[in-house]
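Nothing in this text is a laboratory measurement; each read-out follows from the coordinates by a stated rule. Predicted model only: the values in this text are computed from it and were never measured. Positions of Cβ are backbone-derived with ideal geometry, glycine not excepted, and every protein chain shown enters the neighbour counts.
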Amino acid sequence: MIDELRNKLQAEVERLNHEINFVLPREIEKARAHGDLRENSEYKAALERQQFSQARLSHLRGRLSKLSTVSEHDIPRDRVGFGSRVTVRDLDTKKKETYALTLGEFIEGGEEDGDEIPVSIASPLGKGLLGCKRGQTVSLALPVGKRRLKIVQVLTVHDLAAGAPE
């Protein structure tokens, strides 16, 4: 799982490098050819895109650096950690939900993959679930209100890599 995330980050770094070094310089030169730069919206848009791309690239390089220090051996085998799939029962509503704990970069538009809801480990819900074990009850103060959750099942990255039933 860590290798998969590392590959996704690296692919975006390569895409941004190409954009910054090849695509945007051509767009900036093309916009300059239109004349007066003070009122040239194409030029301003290209410069803004360049600044955004450079900031995103810097952020991704930082994430890659942090990710390179993480080893799957450091991820717990018996409790919720990075990459875990956690099934919980809300003690108030009695509903069951399954969360997949991941990095924020890999939550695509809040879409659900089947019945699994991606949750960033940096989110209040993700932080509240980290380190919990099966059978444990967790009380969380979330932006949407307080929730009391019972951990029904925990599948760690180790379980998932070994082909544990989902």
Express the relative contact order of segment 2-70 as a whole percentage, based on alpha carbon pairs under 8 Å and six or more residues apart in sequence. 47
Members of 8/44; 96/127; 94/127; 66/133; 66/95 lying beyond 28 Å, as alpha-carbon distances in this model show: 8/44; 66/95
Cα lying deepest toward the dipole's positive end in segment 2-70, options 5, 53, 16, charges on Cβ: 5
Using a Gaussian network model of the chain with C-alpha springs under 10 Å, which one of 143, 25, 118 is most mobile by mean-square fluctuation? 143
With no solvent and one equal point scatterer per Cα, compute the Debye intensity ratio I(q)/I(0) for the chain at 0.10, 0.15, 0.17 Å⁻¹ and report its log10, rounded to two decimals. -0.52, -0.86, -1.01
If you take the square roots of the eigenvalues of the alpha-carbon gyration tensor of segment 51-97 and sort them as a ≥ b ≥ c, do you get rounded (a/c under 1.5), prolate (a/b over b/c) or oblate? oblate
Normalised contact order of the chain, rounded percent, pairs of Cα under 8 Å and 6 or more residues apart: 21
Show me, for segment 67-77, the HN-Hα J-couplings you get by feeding each phi into the Karplus relation (A = 6.51, B = -1.76, C = 1.60, θ = phi - 60°), rounded to Hz, glycine and proline as x. 5, 5, 8, 8, 10, 4, 5, 7, 7, x, 9
